[in-house]
Amino acid sequence: MSTVPPHAIERLYQQRLKQSTRPYQARGYQIIRCPHCHLAQKFCQCHLKQSVVSNCAFCLIMYDFEVLKPSNSAGLIADIIPDTYGFIWSRMQTSTELLTLLANPEYQPIVIFPTQNALESQPLATAHDLQPTGKKPLFILLDGTWREAHKMYRKSPWLHHFPLLSFNLDKAPSDYSLRKGSLGFQLATAEVAALALAAAGEQANADVLLSWFEVFCEASLMATSKDSDFVRRPLVQLQKAYMDALEQAAGVTLSEPVADL
């Protein structure tokens, strides 16, 4: 279990939990989970959690129950990138705190959403937007199912004037997945964030986040009898790859990972 202060997504989880009138029973709800990483306590990976130095920020706008799902990967972004914010989306009343964040002159907001499903009038992100002088790129991610993300985009006109960033891929960045999309392969939120980091010139940090995502996925699968349609790797091997990525990003040598089993 973690001893570090809760980050934005953990605080959002606790906030949403308090609003619930009954327990949220996601698949695997009977598993005793770590309250921080939401993995089964036996496979908790909080002891490996480390953030990196980044010139990027992330704003996670989450559909109602998404933050309560143990398979949600938004928290992995906040684990790695310190400047991460989280909000529950509302069609009726947009958070004042969210609108203030988007208007902050220290940031350049960039909406990540498929171009083919966006408004034609929305400007596309340029290289200057991704690496703005004197500002941090603030990547806005709509976190939910594809249908929910599409609804959030359509019903949020305050997003439509920001630069738009989209990724056209033949395959997902990682072989790992905890959910099956309805439209061919669909990326986890953490995978999209890793692509955004790479686009902003932070490939080393992208590698850290992607390897952390794979550690999370394998630890999650180990706690279930769920079959996978991809080749899995030993958790210790994935932990080592994650620590190597952290070394590469930080330029220091870290101690060897130990599987907390």
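Of note:
- Number of residues in region 130-145 that are over 30 Å from residue 68 (Cα atoms) and not in a loop (DSSP other than H, G, I, E, B): the value is 1.
- Unique match (being closer than 19 Å to residue 195 by Cα and not aromatic (Phe, Trp, Tyr)) among 108, 122: 108
- Of the residues making up region 189-203, at least one is surrounded by 14 or more Cβ atoms within 10 Å (Cβ to Cβ), in contact with a Leu (Cβ under 7 Å, 6 or more places away or on another chain), at pLDDT 70 or above and part of a loop (DSSP other than H, G, I, E, B).
- Near pairs, Cβ below 7 angstrom, 6+ apart or cross-chain, from region 81-103 (surrounded by fewer than 18 Cβ atoms within 10 Å (Cβ to Cβ)) to any residue that is among the acidic types (Asp, Glu) and modelled with pLDDT under 95: none
- Note on region 75-93: residues that are touching a strand residue (DSSP E or B) at 6+ places or on another chain (Cβ under 8 Å) and not acidic (Asp, Glu) total 9.
- Within region 35-49, tally of residues that are touching a Phe, Trp or Tyr at 6+ places or on another chain (Cβ under 9 Å) and more than 24 Å from residue 15 (Cα to Cα): 1
- Condition met for residue 162 (in contact (Cβ under 8 Å) with a residue 40 or more places away in the chain and over 29 Å from residue 238 (Cβ atoms)): yes
- Any hit, region 82-100, residues being aliphatic (A, V, I, L, M) and within 30 Å of residue 220 (Cα to Cα): yes
- Any hit, region 172-179, residues being surrounded by 22 or more Cβ atoms within 10 Å (Cβ to Cβ) and under 24 Å from residue 103 (Cβ atoms): no
- When residues of region 45-65 are limited to those that are modelled with pLDDT of 90 or more and within 21 Å of residue 150 (Cβ to Cβ), the one surrounded by the fewest Cβ atoms within 10 Å (Cβ to Cβ): 63
- Looking only at region 126-143, and only at residues there that are surrounded by 14 or more Cβ atoms within 10 Å (Cβ to Cβ) and free of Cβ contacts under 8 Å to residues at least 60 places away in the same chain, the one that is nearest to residue 162 (Cα to Cα): 129
- For the condition crowded, with 19+ Cβ neighbours inside 10 Å and modelled with pLDDT under 95, residue 111 does not qualify.
- Yes/no for residue 159 being modelled with pLDDT of 95 or more, surrounded by fewer than 20 Cβ atoms within 10 Å (Cβ to Cβ) and of a type in the set (A, V, I, L, M, F, W, C): no
The values are calculated or read from the model by the stated rules, or taken from the named source; none is laboratory data. As the structure is a computational prediction, the values presented were derived from the model and not from experiment. Cβ atoms come from the backbone with ideal geometry, glycine included; neighbour counts cover every protein chain shown.
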